[in-house]
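Q: There's a structure below that I have some questions on.
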Amino acid sequence: MEFKRNIVITGGAGFIGSHVVRLFVNKYPEYKIINLDKLTYAGNLANLKDIENKPNYKFVKMDICDFDAFYKLMQDEQIDGIIHLAAESHVDRSIKDPFTFARTNVMGTLSLLQAAKLYWESLPEKYEGKRFYHISTDEVYGALEMTHPEGIEPPFTTTASSGEHHEAYGEDFFLETTKYNPHSPYSASKASSDHFVRAFHDTYGMPTIVTNCSNNYGPYQFPEKLIPLFINNIRHRKPLPVYGKGENVRDWLYVVDHARAIDTIFHNGKVAETYNIGGFNEWKNIDIIKVVIATVDRLLGRPEGADLDLITYVTDRLGHDARYAIDSRKLQAELGWEPSLQFEEGIEKTVKWYLENEAWMDNITSGEYEKYYNEMYKN
Ligand code: NAD
Ligand code: DAU
């Protein structure tokens, strides 16, 4: 079957990648969507059960560092678009094992770039109609001051277009022009990969785009990250390890809204541009944790405040960034994207999803998911 476009999405078995794959497979039956994933501990094909038999979907188990295999895939499938999400993504793991982060995030990205370059430059039309879209993070910008406007305590959710957020916070946001200043091995590796992507545009003329997004939350997130870990711990009445004083601020975006932004930018974004993606939704960790506890308790029919005693302050993360806050006005103004969900709605949906999908969570926490798929996709 001939498809209008042949697109590789790397890291499609992970959290955000699975939402991007689902959106593209369902919305664009005329595109062939190839999910390329190594299936590390973070990859789980159960995230894509609802679309795995669609005629425009194909899964390929591959390491992004395998240059030869990827070059062959580019040729065999005549790939014209790459949406690159595969990465080692957890800051705490990067503190323990920085080498794996440099290998996958830096060398893996470089390997994809070089294979795409060789293949696209071998075609008569060269880079025309091609796109290399690299998904990055706000963490590359470093950390903002933990200052908040007087009289306003986070959570402080507004719509970006209202300008209300800026009236309160001034200009203390990450902009597309903010100088890179990564602190963790994870963010240093992502920053390096971003530089390589831009270098391939500036040196060879490859049509690249980079986006930097804030913290995502929603269904299918691996339970090492704050929100799914805490929902699961509350469910089982296990301690909730809050790093430091719980005062660090993160800017949360519902994952489907990130996937929608990726769709918009892949199709309409300008080559060589950077777009920040975020929903102006800053929360102190301790405040968001209290909202998660209250939501889980209400949905499980437990008395209000029943699980607040699970909060356990633990040693802080090394080099813990104080505050992230994304300014996404460029994306809003130039491409018309905006978040579809208010935070209250998003967190309710998210907690409900984890409570209704206990089997998905238990399969991960028991390690069953790895055994099953490793058998199925043996090299
Ligand atoms: P994730 O850890 O849930 O998923 C990563 C996926 O990449 C997994 O399926 C894993 O198997 C795959 N992978 C890892 N190494 C690979 C390799 N060498 N070859 C092929 N596949 C490999 O990550 P996520 O949270 O979905 O993040 C996806 C991307 O978005 C990352 O690039 C991350 O830096 C970026 N990002 C994440 C957030 C967030 O809040 N989670 C925010 C902004 C940007
Ligand atoms: O900002 C985007 C980034 O968001 C992405 O690039 C990363 O891939 C993603 O993992 C996420 O990074 P964070 O480090 O912000 O997310 P995490 O869920 O690990 O932690 C959120 C905050 O909660 C952070 O301040 C650390 C704190 N925390 C986290 C865990 C896992 C705790 O207090 N206790 C915990 O057990």
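Q: Tell me, which residue of the range 197-230 that is of a type in the set (A, V, I, L, M, F, W, C) and over 19 Å from the mean Cα position of the chain (by Cα) is farthest from ligand 2 (Cβ to nearest atom)?
A: So the residue we want is MET206.
Quick grid of which residues meet (1) modelled with pLDDT under 95; (2) within 16 Å of ligand 1 (Cβ to nearest atom):
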| residue | (1), (2) |
| --- | --- |
| PRO219 | no, yes |
| PHE230 | no, yes |
| ARG235 | no, no |
| PRO239 | no, no |
| ASN248 | yes, yes |
| GLU273 | no, no |
| ILE288 | yes, yes |
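Q: Can you confirm whether LEU341 is surrounded by 14 or more Cβ atoms within 10 Å (Cβ to Cβ) and either closer than 30 Å to LYS61 by Cα or of a type outside the set (Gly, Ala, Ser) (or both)?
A: Yes, satisfied.
Q: Here's another thing I want to ask about it. Let me confirm something: among ILE288, ILE234, ILE262, which residue is surrounded by 20 or more Cβ atoms within 10 Å (Cβ to Cβ), in a helix (DSSP H, G or I) and near ligand 2 (Cβ under 9 Å from one of its atoms)?
A: Matching residue, one of ILE288, ILE234, ILE262: ILE288.
Q: Please state which one of ASP194, ASP257, ASP251 is near ligand 2 (Cβ under 9 Å from one of its atoms), surrounded by 21 or more Cβ atoms within 10 Å (Cβ to Cβ) and in contact (Cβ under 8 Å) with a residue 24 or more places away in the chain.
A: Of ASP194, ASP257, ASP251, the one residue that is near ligand 2 (Cβ under 9 Å from one of its atoms), surrounded by 21 or more Cβ atoms within 10 Å (Cβ to Cβ) and in contact (Cβ under 8 Å) with a residue 24 or more places away in the chain is ASP251.
Q: Also: Since ILE347 meets every condition but one in (1) over 19 Å from the mean Cα position of the chain (by Cα); (2) assigned to a helix (DSSP H, G or I), which condition does it not meet?
A: ILE347 satisfies every listed condition except (1).
Q: How about the range 1-106: which helices (runs of 4 or more DSSP H) wholly inside it have at least 2 residues that are more than 8 Å from ligand 1 (Cβ to nearest atom) and among the aromatic types (Phe, Trp, Tyr)?
A: In the range 1-106, the matching helices (runs of 4 or more DSSP H) lie at 67-77, 98-101.
The values are calculated or read from the model by the stated rules, or taken from the named source; none is laboratory data. Note that the structure is predicted; figures quoted are calculated from it, not measured. Note: ideal-geometry Cβ built from the backbone for every residue, glycine included; neighbour counts use all protein chains shown.
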